[in-house]
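**Student:** Sharing a structure below in structure tokens format, with a few things to ask.
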Amino acid sequence: MDSPAILDNIDSELIDIFDMKVLIVDDTPANIDLLMKALQNNGYRLSFATNGNAALRLAEHNDPDLILLDIMMPGMDGLEVCAKIKNSEKTKDIPIIFITAKVETEDVVKGFQAGGVDYIAKPFRAEEVCARVKTQLALQYARKQLKSQNEILEVKVQERTSKITKLNTTLKHSLLNSVRVLVGLIEGYDAAIGSHSKRVAILAVETAKALGLTKEEIFDIEIAALLHDIGTLSIPENVLNQFKDVTDNEISLVRQHTIFAQSVLSPVENFKNAGLLIRHHEELNDGSGFPDRLKADDIPIGSKIIGVANVYDKIRGHKTAFAKQATSKKINEEVAMQNLSKLAGTYYDRDIIDAFINVIHELHTKKKKFDLIGIEKLKPNHILAKNLYTTKGELIAPKGTKLSSFIIQRLHVYNKAKLFSGFANVFKNS
């Protein structure tokens, strides 16, 4: 009998070395004796059962590599035994060769349909028994080797995936910190835009977390929130600072800032999603927003979140649509939240506004526990309330670290080299 091609590279001696186990199941002791004599010189570990129940117990506990199974047995026949073996998670992969006196096509087909891999016809011929058993054991050995290799490969893939994930996280930290540095530079040019963008980013990120968005979505939202007003830098100051007598052309010009921001950011692969979120952060639920007059569910959720954070900060600063500088009189936080709630449904998503207001309350509570302090005010014995990273995403000091003069001096060096944002969260009274 010809061997399958898969066996060409399998050394038959390896099978003997691994002492592969063969279970013989037959209700006739003479048949068991004949089969065991035919196989005993091949180095296999042989066991036998004379009924179906005993066969199931041995298959479960002895983990044979191959089963020779008589079809015609009293009580539970071979087909039923085979079905039970194949329905068990532990034994389903054990190959089964049927032993049968019936060699009609219908009977052979039933055996294969039940899960058998081959059959041996009675009366036995020792050479045929050995050849068929050897072939199936070699195949089983190959399957086990392949499974083992796949398990090793899976572990390696998981390890590689873990390394890639860590690398991506580091790169994203670095990218995010680069954007924060950029916003810092913008703040030097225009304090109102820079500080407003930072506040919007904090509120948008916390709201996204509260709504259960993924890390990838939150990353895009933070980038977009930090840069959502970058397009206004392309608009003449006299238009942005205008309070009254605004022309339709000037309104149209201002409304181009979201499109301009997207055109700048989207060519960069890592900023493509952020660019889309910025484009639509001025859209409104009723379709009266800009630039594309999207409605409700057509607006990306990240854009909706940024839109709510953006309008809330403008309400708080009593800032008009065309006023670049906020007025000196700021609106009370509770009043601002009441005004924001009035916009729910018509202009903004009610669920997002509810989550946003909860975030405001939570941040109010946290604010009492720690302060964001500039580098010039950091002192020895201040205790970090959050991990401190360089702008490249490298950890400088973990949360809970008590700052020393040495660490503070190092922060000054990092700050001059633009490797540190210049601020640290420290616990109050530390």
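Since every read-out is calculated from the coordinates, none of them should be taken as a lab result. Note that the structure is a prediction, hence the values are computed from the model and not measured. Cβ atoms come from the backbone with ideal geometry, glycine included; neighbour counts cover every protein chain shown.
**Student:** In vacuo Debye scattering of the chain, one point per C-alpha: log10 I(q)/I(0) at q = 0.06, 0.08, 0.10, 0.14 Å⁻¹?
**Tutor:** For the chain at q = 0.06, 0.08, 0.10, 0.14 Å⁻¹, log10 I(q)/I(0) is -0.53, -0.65, -0.73, -1.24.
**Student:** Using a 10 Å cut-off on Cβ atoms, rank the peptides 151-158, 63-70 from the highest mean neighbour count down. Don't skip to the answer; put the middle values down first.
**Tutor:** On the way: 151-158: 10.1, 63-70: 23.9.
Ranked by mean Cβ neighbours within 10 Å, highest first: 63-70, 151-158.
**Student:** Moving to a separate point now. Taking springs between alpha-carbon atoms closer than 10 angstrom, which of A355, A114, A224 fluctuates most in the Gaussian network model of the chain?
**Tutor:** Most flexible of the set in this elastic network: A114.
**Student:** Over the stretch 369-430, what relative contact order in percent results from Cα pairs under 8 Å that are six or more residues apart?
**Tutor:** Details: 106 pairs, mean separation 30.4, N = 62.
After rounding, I find 49 percent.
**Student:** Once every DSSP H run of n ≥ 4 in the chain is given -39500 (n - 2.57) and the sum is divided by its residues, what mean residue ellipticity at 222 nm do you get, rounded to the nearest 500 deg cm²/dmol? Write down the numbers at each step before the final one.
**Tutor:** Values: 16 runs with 227 residues, N = 430.
Dividing the helical sum by the residues of the chain leaves -17000 deg cm²/dmol.
**Student:** Which whole-number percentage describes the relative contact order of the chain, with Cα contacts under 8 Å and a sequence gap of 6 or more? Don't skip to the answer; put the middle values down first.
**Tutor:** Numbers: 613 pairs, mean separation 44.2, N = 430.
Reported as a whole number, the value is 10 percent.
**Student:** Right, something else. Taking the square root of 5 times each eigenvalue of the Cα gyration tensor, what semi-axes in Å does the equivalent ellipsoid of the stretch 15-66 have, largest first? Walk me through the numbers on the way to the answer.
**Tutor:** Values: eigenvalues 67, 48, 5 Å².
Output for the stretch 15-66: semi-axes of 18, 15, 5 Å.
**Student:** Do any of K163/K386; K209/K399; K92/K134; K304/K428; K198/K369 go past 31 Å between their Cα atoms, and which? Spell out each step's value before the answer.
**Tutor:** Values: K163/K386 24 Å; K209/K399 20 Å; K92/K134 20 Å; K304/K428 34 Å; K198/K369 20 Å.
Checking Cα-Cα distances, K304/K428 exceed 31 Å.
**Student:** Apply the a/c threshold of 1.5 to the C-alpha gyration tensor of the stretch 5-155 and tell me whether it is rounded, prolate or oblate. Provide the component values of the computation, followed by the final result.
**Tutor:** Working: a/c = 1.61, a/b = 1.34, b/c = 1.20.
It comes out prolate by the Cα gyration axes.
**Student:** Additional query: Need one number: convex hull volume per residue for the stretch 106-182, Cα atoms only, in Å³. Please list the in-between numbers first.
**Tutor:** Numbers: hull volume 8.0 nm³, N = 77.
Considering the Cα atoms of the stretch 106-182, their hull volume per residue is 105 Å³.
**Student:** To continue, here is another question. Positive end of the dipole of the chain, charges at C-beta (+1 Lys, Arg; -1 Asp, Glu), about the Cα centre: which of T50, L294, S148 has its Cα farthest in that direction?
**Tutor:** Farthest towards the positive end: L294.
**Student:** Using the Karplus equation 6.51 cos²θ - 1.76 cosθ + 1.60 (θ = phi - 60°), what ³J(HN,Hα) coupling, rounded to whole Hz, does each residue of the stretch 391-403 give in order, writing x for Gly and Pro?
**Tutor:** 5, 8, x, 8, 5, 8, 7, x, 3, x, 5, 8, 5
**Student:** Another question, if that's okay. Rg(Cα) of the stretch 369-430 divided by 2.2 N^0.38 Å? Kindly include the intermediate steps, with their values, before the conclusion.
**Tutor:** Working: Rg = 10.4 Å, N = 62, 2.2 N^0.38 = 10.6 Å.
Normalised by 2.2 N^0.38 Å, the Cα Rg of the stretch 369-430 equals 0.98.
**Student:** Find how many whole Å separate the alpha carbon centroid of the stretch 129-152 from the alpha carbon centroid of the stretch 384-430.
**Tutor:** 59 Å
**Student:** I need to check one value: relative contact order of the stretch 14-125, counting alpha carbon pairs closer than 8 Å and at least 6 residues apart, in percent. Please report the intermediate quantities before stating the final value.
**Tutor:** Numbers: 179 pairs, mean separation 26.5, N = 112.
Value for the stretch 14-125: 24 percent.
**Student:** Mind ordering 86-95, 259-268 by average Cβ neighbours within 10 Å, highest first?
**Tutor:** Numbers: 86-95: 13.5, 259-268: 17.2.
In decreasing order of mean packing, 86-95, 259-268 become 259-268, 86-95.
**Student:** Quick one: 3J(HN,Hα) in Hz for the stretch 67-73, Karplus 6.51/-1.76/1.60 with θ = phi - 60°, rounded, Gly and Pro as x.
**Tutor:** My calculation for the stretch 67-73 gives 10, 9, 10, 6, 7, 8, 9 Hz in order.
**Student:** Quick check for me: using +1 on Lys/Arg Cβ and -1 on Asp/Glu Cβ, what's the dipole size of the stretch 16-145 about its Cα centre, in debye to the nearest 20? Provide the component values of the computation, followed by the final result.
**Tutor:** Values: 16 positive and 19 negative charges, 54 e Å.
In total the dipole reaches around 260 debye.
**Student:** Right, next: Take the Cβ-Cβ distance between K379 and R410 as r, set R0 to 25 Å, and report the resulting FRET efficiency rounded to the nearest 0.05.
**Tutor:** About 0.95, to the nearest 0.05.
**Student:** Taking the DSSP beta bridges in the chain as the whole, what percent of them are antiparallel, to the nearest 5? It would help to have the intermediate numbers written out before the result.
**Tutor:** Working: 9 of 27 bridges.
Here the share of antiparallel DSSP bridges comes out near 35 percent.
**Student:** So, with +1 on the Cβ of K and R and -1 on the Cβ of D and E, and no other charges, what is the size of the charge dipole of the chain about its Cα centre, to the nearest 20 debye?
**Tutor:** Working: 56 positive and 55 negative charges, 607 e Å.
In total the dipole reaches around 2920 debye.
**Student:** Still on this model: Projected area of the stretch 325-430, taken from the Cα convex hull and averaged over every viewing direction, in nm²?
**Tutor:** Numbers: hull surface 37.6 nm².
Across all orientations, the stretch 325-430 yields a mean hull projection of 9.4 nm².
**Student:** Among H281, H257, what is the fewest-to-most ranking by other Cβ atoms within 10 Å?
**Tutor:** Working: H281 29, H257 22.
Ordered from fewest to most neighbouring Cβ atoms within 10 Å, H281, H257 come out as H257, H281.
**Student:** Under a point spin-label approximation (7 Å from Cα along Cα-to-Cβ), what is the T161-K209 distance to one decimal in nm?
**Tutor:** That separation, rounded to one decimal, is 2.6 nm.
**Student:** Skipping prolines and chain starts, which residues have an amide H placed within reach, meaning under 5 Å, of the one on I24, given they are 5 or more residues away or on another chain?
**Tutor:** Sorted by chain and number, the residues that satisfy this are S47, F48, A49, L68.
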